[in-house]
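Following: one structure in structure tokens, then a few remarks.
The values are calculated or read from the model by the stated rules, or taken from the named source; none is laboratory data. On a predicted model such as this, the values are computed, not experimentally measured, just so you know. A quick note on method: Cβ atoms are made from the backbone with ideal geometry, for glycine too, and the neighbour counts reach across all protein chains shown. Just the protein is used for accessible areas: all its heavy atoms, side chains included, with ligands, DNA and RNA removed. Shrake-Rupley method; radii C 1.70, N 1.55, O 1.52, S 1.80 Å.
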Amino acid sequence: MPNDPYVHARLANGYRQKGEMRSAKSAMKRSIELFPGDHESRTRLSKLYEVDGEWEQAKAVLAEMVSMYPDDSTGYVELAELETRSGTLPDAA
């Protein structure tokens, strides 16, 4: 498998479409390892966790993004939206 983050992100999407969530998460994590600054892959990983009902893991991915890139609003917005969907919006503050 090539060490290309975009290949792994696309592979993750294919696994997700087939319902293979464990493999999808694994491929997306590899994509992030190869390109840590890719906010879209982090957002997609959090959504994979969310689909599986793994709210805390989803929040952890986004919280890490906020910690790594505090000047980028993407992580804050995604985290607030996740908190809204999970019914824990007060936790976002």
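Each of Tyr76, Leu62, Pro5 was scored by the projection of its Cα onto the charge dipole of the chain, and the greatest displacement toward the positive side belongs to Pro5; charges sit on the C-beta of Lys, Arg, Asp and Glu.
Between Asp4 and His39, how high is the FRET efficiency from 1/(1 + (r/R0)^6) when r is the Cβ-Cβ distance and R₀ = 25 Å? Nearest 0.05.
On the way: r = 18 Å, r/R0 = 0.71.
The value I calculate is 0.90.
Residue order by solvent-accessible surface for Tyr69, Tyr49, Tyr6 is Tyr6, Tyr69, Tyr49, largest first, with ligands and nucleic acids left out and a 1.4 Å probe.
Computed over protein heavy atoms with a 1.4 angstrom probe, the accessible surface ordering of Ser46, Ser86, largest first, is Ser86, Ser46. Between Glu54 and Glu20, the contour length at 0.36 nm per residue exceeds the Cα-Cα span by 10.7 nm.
Over region 32-78, all Cα pairs binned in 10 Å intervals from 0 give whole-percent P(r) values of 31, 57, 12, listed from short to long. Under 16 Å of direct C-alpha separation, and excluding same-chain neighbours fewer than eight residues apart, Lys18 reaches these aspartates and glutamates: Asp52. Of the Cα atoms belonging to the chain, the radius of gyration and Dmax stand at 13.0, 42 Å. Overall, the accessible surface of the chain at a probe of 1.4 angstrom is composed of carbon and sulfur to the extent of 52 percent.
Remark: region 1-87 carries a charge dipole of roughly 440 debye about the Cα centre, counting +1 on each Lys and Arg Cβ and -1 on each Asp and Glu Cβ.
Protein-only accessible surface at a 1.4 angstrom probe places the residues Asp71, Asp38, Asp4 in the order Asp71, Asp4, Asp38, largest first.
Quick one: compute the contact order of the chain, relative version, from alpha carbon pairs under 8 angstrom and 6+ residues apart, as a percent. Could you put the intermediate results ahead of the total?
Numbers: 93 pairs, mean separation 17.3, N = 93.
Computed value for the chain: 19 percent relative contact order.
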